[in-house]
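To start, the structure itself, in structure tokens.
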Amino acid sequence: MTALEVQFPAEVVSAAAERESWRKEVHRPATHTHKWWARRLGSVFRGILAAAVSETEREAIEAYSGELRLPDLVVCDPFAGSGTTLAEAAKLGARVIGRDINPVATLVQRQALARWDRTRLDEAFKKVESQVRKEIDELHRDKHGRPVLYYFWVALASCPQCPAEAEPVELFSRYVFSQHAYPKKYPTARATCPHCHAVVLVNVVDDDELTCQDCGRTAGISGPVNRATMTCSNGHSSKVLDALGGRPPALRMYAKQVLADDGSRVYEPIDDFDLELYANSERRLSRRRDELVLPVGTLEDGNNTRQAIRWNYRSWEQFFNARQLYSLGVLGAAIRDLESSPEREALVALFSGVLEFNNLFCSFKGEGTGAVRHMFSNHVLKPERTPLEAHPWGTTASSGSFSTLYQSRIIRAWEYKRRPHDLVMVSGSPERQFGLSGSLEFELGDSRDFSEGVSSAYVSSGSSASFDLPADSVDLVITDPPFMDNVHYSELADFFHAWLRGLKPFGEYPVNSTTTRHSEEVQSAEPAEFGRAIEAVWKECARLLKPQGLLAFTFHQARIDGWKELVRALEVAGLIITAVQPVKAEMSTSTIKSSAADPSNLDSIVVCRLPGHEVPAATSVEGVERRAISGLLECQNAGIKVGYSDVESVVRGSFLALHTLPSNVRTVDALAAEADLAVDRAAAALGVKSKKDLRVAG
């Protein structure tokens, strides 16, 4: 038995993971060169690896906190995502296999492991800069030649009840377009005059209306849109979607933020020079379209694309205005034409990441914080009524630009990969330590290279229900499978794929595929579909595992159906759960999570073995209940907030794990019923209450 199964050091690992979760991109930059969803915490997966090769909690803590090396292990992740498992295992000297059904995820994994030559990387960057920066800068300047950092736009819709020639409604909820992140402390904000579009200073704490110094008129701060309804100047009310008339909204520039000569940021209204400069972009795009890298494809209906489609966005190109398309198009073309190399691939990934901050679904976060709210702040493609257009090449004062992300993502990752650091306990608190891990600089090979020992890292894209590797060849399968929910990563990743098809980041990238969606995706909100898909992957993992190997994965599922399907799939695959261990989950700052009534803070580490090699840590409902409460208490002792959703997920998973035991005689439904009773007992023991119940009571 391993410490992972009987004495997992949850307190030590969770404390480090808690700190990492606040700045994941700083503590694990190798896996943060590009957007991917639900990135897991490197500290947790280092802890899983350390505990998997230790027998006691003390040994696991020493392994986690020391210079652990695992050169004789083969570690596989069938849901490799951003590459957390691969990076953590490779840092410890293990040979790693990563597979993901989405090629965009595969691109991210490759960046986490690939060896980059810094000289060649900088040379490639400078070559691209020499070809495109001057022209992109020219399209983002004011009449005085000063750089424009951001252009502010507003969507327009025509009132269905007014004459066709009537002025369209500007879809503002508020005319305040820039305020500080802490308005009570810094109440001065900028608004646009609804009559002449001058920039007006207002006090957002005290003022209900604005008075324009240019035109002398007064107006309320509230705009014509309230939720989904707009009201025109004649008092007619209508639904915004109805007013769009089956087309995506037209847009109007109304303000800009300029970088002044003294380094200050100045807000100014749009003038004739700005309008002509934008028209110039439109002409250039029309003239050179065939030379550029541009997004290809249309949106397909799905849970995460439906909102954009309802706003009549049908093609990926419609997510960008003409200046964005042209600027990004020339930038993409310069990268496309670079000679093939790991450094070119890094710049392709950087370019793709820049798209997240430079499109019409971005908005302005305000002063005192990062300026650009990227398009994936929600797990849907959410249209913006007041989009922000940023400078895609950028300046030192820019946010989300190619030049700034080169430093904060690529160079930071390069530095980390050469000299990784880890968070370990020092004098009772997690501190950054260097020298505990090896470098992340690999020549990536194919399955033959890996099998013959030519390469220590094999990363591929495709269904994980089928690997091109021999049976009994993997020591550890460590992963984070999709949960049973409505967030379909492929639907969101298609936004990047639409551009990457024209760039072909690596040889096997599917440039001829119109989508990254796949019939064998595990992601599904339908229990039967989720169970069917994950069962196929677990069967393949069982085939790959050596007889005494371990499968360990992190999981959180509030819906009991998700746990039921998971354990049924494991049972059919011939895998037996030997332990369920709670540990800190990945997000501490997610707005999506914080808005939930019972947000989740913990994952469960589910540990499995093949038949004949299992020694479950607990084999009775009483035993698993005690272990679940003990593990949850250990997380509380580490300072992790344990919520009711966490208690539900951990307790349910622990009880349902019994279904995989050969000696089990209870049905899944019977175990689920017992688990629900145990949830209340565990919550009481931990002093945890459901906020849903409190809301109902209130």
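Legend: residue pairs Lys35/Lys691; Lys24/Lys504; Lys126/Lys584, Cα-Cα distance threshold 30 Å; pairs beyond threshold, Lys35/Lys691; Lys126/Lys584. Rg over Rh for segment 308-443 works out to 1.06, using Cα positions for both radii and the Kirkwood form for Rh. Applying 0.36 nm per residue to the separation of Ala670 and Thr369 and subtracting their alpha-carbon distance, the gain on full extension is 103.3 nm. Label sites at Ser663 and Glu339, each approximated as a point 7 angstrom past Cα along Cα to Cβ, lie 6.6 nm apart. By definition, a body whose alpha carbon gyration tensor gives a ≥ b ≥ c is prolate when a/c is 1.5 or more and a/b is larger than b/c, and the chain fits this prolate description.
Excluding residues fewer than 8 places away in the same chain, name every one of the aspartates and glutamates whose C-alpha is closer than 19 Å to that of Lys239. Partners found: Glu167, Glu170, Glu384. Modelled this way, with points 7 Å down the Cα-to-C-beta line, the labels at Val205 and Arg288 are 4.9 nm from one another.
By the beta carbon rule, with partners counted only under 4.7 Å, the chain holds these lone Cys residues: Cys76, Cys362, Cys541, Cys608, Cys635.
Estimated at 0.36 nm per residue, the fully extended path between Cys196 and Asn280 surpasses their Cα-Cα distance by 27.8 nm.
The Asp122 and Met1 beta-carbon pair, evaluated with R₀ = 60 Å, returns a calculated FRET efficiency of approximately 0.75.
Once you order the gyration tensor axes a ≥ b ≥ c over the Cα atoms, which shape class does segment 123-192 get: rounded for a/c under 1.5, otherwise prolate or oblate by comparing a/b with b/c? Because a/c hits 1.5 or more and a/b fails to exceed b/c, segment 123-192 counts as oblate. Surface calculation, 1.4 Å probe, protein heavy atoms: Lys127 sits at approximately 100 Å² accessible. Distance from the Cα centroid of segment 29-102 to that of segment 129-150 is 43 Å (rounded to whole angstrom).
In the chain, the DSSP beta bridges split such that about 75 percent are antiparallel, to the nearest 5. Among DSSP beta bridges lying fully in segment 452-608, give the percent that are antiparallel, nearest 5. Around 70 percent of the beta bridges assigned by DSSP in segment 452-608 are antiparallel ones. Spacing of the modelled spin labels on Asn226 and Gln161, each 7 Å from Cα toward Cβ, amounts to 1.4 nm. In this structure, Thr395 and Arg418 have a Cβ-Cβ separation that, at R0 = 25 Å, corresponds to a calculated FRET efficiency of about 0.35.
Extension gain, Arg314 to Val426, is 35.0 nm, computed as 0.36 nm per intervening residue step minus the present C-alpha separation.
The values are calculated or read from the model by the stated rules, or taken from the named source; none is laboratory data. Bear in mind the structure is a predicted one, so any value in this text is a computation, not a measurement. Neighbour counts run over all protein chains shown; Cβ positions are idealised from the backbone, glycine included. These area figures cover heavy atoms from the full protein model, side chains too; ligands, DNA and RNA do not enter into them. Shrake-Rupley method; radii C 1.70, N 1.55, O 1.52, S 1.80 Å.
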